[in-house]
Amino acid sequence: MKAAPPVLTGAAWRKISEGAINAALLACAAVSVLTTVGIIGNLLFETLEFFRIVPVFDFLLGLKWTPLFDPPSFGVLPLVAGTISVSAIAMVISLPIGLLAAIYLSEYASRNTRRVLKPLLEILAGIPTVVYGYFALTFVTPLLRQFVSETQVFNAISAGIVMGIMIIPLVSSLSEEALNAVPQPLREAAYGLGATKLEVTLRTVVPAALSGVTAAFILAISRSIGETMIVLIAAGQSTTLQVNPLKAMETMTAYIARVSLGDNPQQSVEFKTIFAVGMLLFSATFVLNLISQRVLAKYRQVYQ
Amino acid sequence: MNTPSDFRRQLENRKRLGAAFSVVAFAATVLGLIVLAVLLIDVFVKGQGWLDWQFLTSYPSRKPAEAGILSPLVGSLWLVALTALFSFPVSVAAAIYLEEYAQQNWLTGLIQTNIANLAGVPSIVYGLLGLGIFVRGLGLGRSLLAGALTMSLLILPTLIIAAREAIRAVPPSLRHASLALGGTRWQTVRNVVLPMAFPGILTGTILALSRAIGETAPLITIGALTYIAFLPEGPLSAFTVLPIQIFNWTSRPQADFSKLAAAGIVILLAVLLSANAVAIILRDRLQKRQ
């Protein structure tokens with residue numbers, strides 16, 4: 001192919017095209033910033049509309065969540081209580097087990113064992129959450145009902161347990177990273193003082209990695225608060241304020257999903273509630289993620 | 001006071017405690033795997049009787065015996081293809097910018113912090129974003145296009161992080177060689193960096209896309225329908241996907257639908273497994289080359 005007669009000199013043309021490419025790439029990178037602006041703007045706009053109808057404090061401090069009843073009541077605390085309960089159950093499972101797994105993989109396992117076990121654990125994190133929801137409802141709940149007969153068909157505990165298992169790889173891989181970052185001389189010093197392996201692990205390595213492990217724990221909490229499908233399928237729809245894990249509970253995420261599934265008119269107050277609840281959910285996870293990042297940044301400074 | 005014999009006895013105890021702990025730690029590690037095995041076996045046993053050619057080639061139906069998974073399967077493929085189409089170029093371009101072009105200034109810092117934060121936003125919040133902006137704002141309705149755009153934003157942070165890692169793995173000496181030969185920055189990126197980083201980027205992309213295949217909550221929020229008995233005709237068509245169909249079957253009380261859900265899960269896991277297998281094969285080929 002013959003080149004067209006140059007209108008611009010090579011150098012000038014190159015400068016322009018390089019500048020254009022730079023701008024185009026920057027625009028793509030800016031999409032992520034726009035996404036955040038979009039998320040916050042969208043939630044804020046709808047939430048403020050909602051607060052025009054329902055006072056902020058009625059929403060944040062109210063004990064009754066019955067937006068579909070007449071007269072409606074918009075106290076979000078039952079949903080918050082449901083979220084915290086399910087999340088707490090998940091944490092009781094995933095934090096100790098995840099940390100123990102991390103300790104095993106980092107301190108005890110041979111290289112070959114680790115090479116086999118780690119990717120297998122990661123599979124757990126790759127199973128779609130709808131599958132976990134199915135498992136909680138059709139396997140874990142019937143199993144629990146055999147032992148504890150007052151367990152309801154929809155209950156917080158099986159959703160929490162299954163969610164906890166789902167989160168194990170998150171806790172274990174982040175904690176393992178933190179444990180691995182502990183310098184070897186620290187371990188050797190402890191051994192030199194006559195400590196056994198367990199003592200080295202629990203009294204030297206884990207405390208030294210504490211901020212990294214804490215960051216992992218906070219991230220796990222944030223993850224459990226934001227999980228939707230398991231609770232939507234297995235935890236039920238009760239918005240009565242109570243904390244019995246054998247009974248049905250509704251979380252903030254499950255509520256948003258349930259209203260989306262229903263056929264409420266999109267201009268109704270009921271529909272606007274999902275944005276207010278979404279705003280609360282976003283704020284909670286955002287703060288937790290920020291804290292986790294701060295804690296992590298601190299521990300990086302110590303060892304690097 | 002401790003005598004030597006006391007010490008020896010205590011040491012025995014300390015060692016025994018250590019041995020017990022290592023057993024507990026190992027048990028904790030494999031517990032998750034045992035549950036995974038139970039889950040897979042349970043789903044397979046329940047769904048087994050329903051997995052046949054008819055299941056794959058029929059539309060969802062109110063009668064369990066006639067129900068199949070064709071429209072959700074095709075819907076999932078459409079959705080993932082469109083999502084890849086939108087998210088791949090944007091994320092690769094963003095990663096190139098951050099790795100090869102960006103200077104260390106406040107804007108770069110903002111973009112990086114922002115990507116890290118976006119990765120932690122619950123998926124259902126992306127659903128609310130999609131509902132507000134794509135479904136209502138842009139008037140795309142409950143279409144494949146709205147779903148794919150929502151999914152694209154959802155996986156963008158993961159994709160950018162993976163692409164950046166792949167680009168960072170290209171040795172700087174190769175860039176220096178290209179620049180020394182008079183190549184411009186873009187020529188260096190296009191002819192040297194991208195070809196080297198491509199398999200890594202592809203692997204990361206497939207993993208992120210498989211997350212999009214399994215996601216349900218954001219699509220529920222944007223209003224993807226749970227009962228679709230036709231195939232999508234284009235990006236503006238209404239649609240359903242595998243996880244939504246599974247959810248739909250799961251939430252029905254009849255036992256047969258529960259088994260259909262199990263069969264659907266087997267198909268979903270098979271799709272994810274093949275996507276991951278492709279990713280692993282690509283990664284291995286990359287490692288061999290370098």
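What nm distance separates the two modelled labels at B:Ser5 and B:Leu56, each placed 7 Å from Cα along Cα→Cβ?
Rounded to a tenth, the inter-label distance reads 7.5 nm.
State whether chain A is rounded, prolate or oblate according to the following rule on the C-alpha gyration tensor (a ≥ b ≥ c being the square roots of its eigenvalues): a/c under 1.5 gives rounded; otherwise a/b larger than b/c gives prolate, and the remaining case gives oblate.
oblate
Using alpha carbons only, how many angstrom separate the centre of the stretch A:39-108 from the centre of the stretch B:227-289?
A separation of 29 Å, based on Cα centres.
Using the Cα centre of the protein assembly as shown as origin and beta-carbon charges of +1 (Lys, Arg) and -1 (Asp, Glu), tell me which of B:Leu236, B:Val38, A:Ser158 is placed farthest towards the positive end of the dipole.
B:Val38
Which residues' amide hydrogens lie under 5 Å from the amide hydrogen of A:Phe74, considering only partners 5 or more residues apart or on another chain, with H built in the peptide plane?
A:Thr66
Looking at A:Ser106, A:Ala257, A:Ala29, which one has the Cα that reaches farthest to the positive end of the dipole of chain A (charges on Cβ: Lys, Arg +1; Asp, Glu -1)?
Sorting the options by dipole projection puts first A:Ser106.
Chain B: longest stretch without exposed chymotrypsin sites (Phe, Trp or Tyr not before Pro) (DSSP loop, at most 14 other Cβ within 10 Å), sites themselves excluded? Before the final figure, lay out each step's value.
Working: sites that count: B:Tyr227, B:Phe230.
Between exposed loop sites, the widest span is B:1-226.
Give the average, rounded to an integer, of partner chain Cβ atoms located within 10 angstrom of each Cβ in B:210-223. Please list the in-between numbers first.
Numbers: counts 2, 3, 0, 1, 7, 5, 10, 12, 3, 1, 9, 9, 1, 4.
Across B:210-223, the average partner-chain Cβ count within 10 Å equals 5.
Report, in cubic angstrom per residue, the convex hull volume of the C-alpha atoms of the stretch A:105-152. Write out the running numbers ahead of the final one.
Numbers: hull volume 5.5 nm³, N = 48.
Taking the convex hull of the Cα positions in the stretch A:105-152, it is 114 Å³ per residue.
Please work out the C-alpha center-to-center distance from the stretch A:126-181 to the stretch A:228-299 and express it in whole Å.
First find each Cα centre; the distance between them is then 18 Å.
Could I have the simple spin-label model distance between B:Leu33 and A:Glu18, label points 7 Å from Cα toward Cβ, reported in nm to one decimal?
5.3
With the cut-off at 1.5 for a/c, could you classify chain B from its C-alpha gyration tensor as rounded, prolate or oblate?
Oblate shape, in that a/c is at least 1.5 and b/c is the bigger or equal ratio.
Explain nothing, just the number: relative contact order of the stretch B:55-289, from Cα pairs under 8 Å at least 6 residues apart, as a whole percent.
Working: 313 pairs, mean separation 65.3, N = 235.
It rounds to 28 percent for the stretch B:55-289.
State, to one decimal in nm, how far the label point of A:Ala125 lies from the label point of B:Ala119, with both points 7 Å from Cα in the Cβ direction.
With each label point 7 Å from Cα toward Cβ, the separation is 0.9 nm.
Can you bin every Cα-Cα distance in the protein assembly as shown into 10 Å intervals starting at zero and give me the percent of pairs per bin, rounded to whole numbers?
Spelled out per bin, shortest first, that is 3, 15, 24, 26, 17, 9, 4, 1, 0, 0.
From the phi of every residue in the stretch B:107-117, what ³J(HN,Hα) in whole Hz does the Karplus formula 6.51 cos²θ - 1.76 cosθ + 1.60 yield, where θ is phi - 60° and glycine or proline is x?
Residue by residue, the stretch B:107-117 yields 5, 4, x, 4, 4, 5, 4, 5, 5, 4, 5 Hz.
From the residues A:Phe69, B:Ser76, A:Ala220, which one has its Cα farthest along the dipole of the protein assembly as shown in the positive direction, the dipole being from +1 and -1 charges on Cβ of Lys/Arg and Asp/Glu about the Cα centre?
Going by the charge dipole, the pick is A:Ala220.
When you look at the Cβ of every residue in B:19-27, what mean number of other chain Cβ atoms sits within 10 Å?
Values: counts 3, 1, 9, 8, 1, 4, 13, 8, 4.
Across the residues of B:19-27, the mean count of other-chain Cβ atoms within 10 Å is 6.
For an R0 of 51 angstrom, estimate the FRET efficiency from the Cβ-Cβ distance between B:Arg190 and A:Ser283 and round to the nearest 0.05.
Working: r = 42 Å, r/R0 = 0.82.
For B:Arg190 and A:Ser283, the calculated efficiency is 0.75.
Values in this text are rule-based calculations from the coordinates and carry no lab data. The model shown is predicted, which means the values in this text are computed figures rather than measured ones. Cβ: placed from backbone, ideal geometry, glycine included. Neighbour counts: every protein chain shown.
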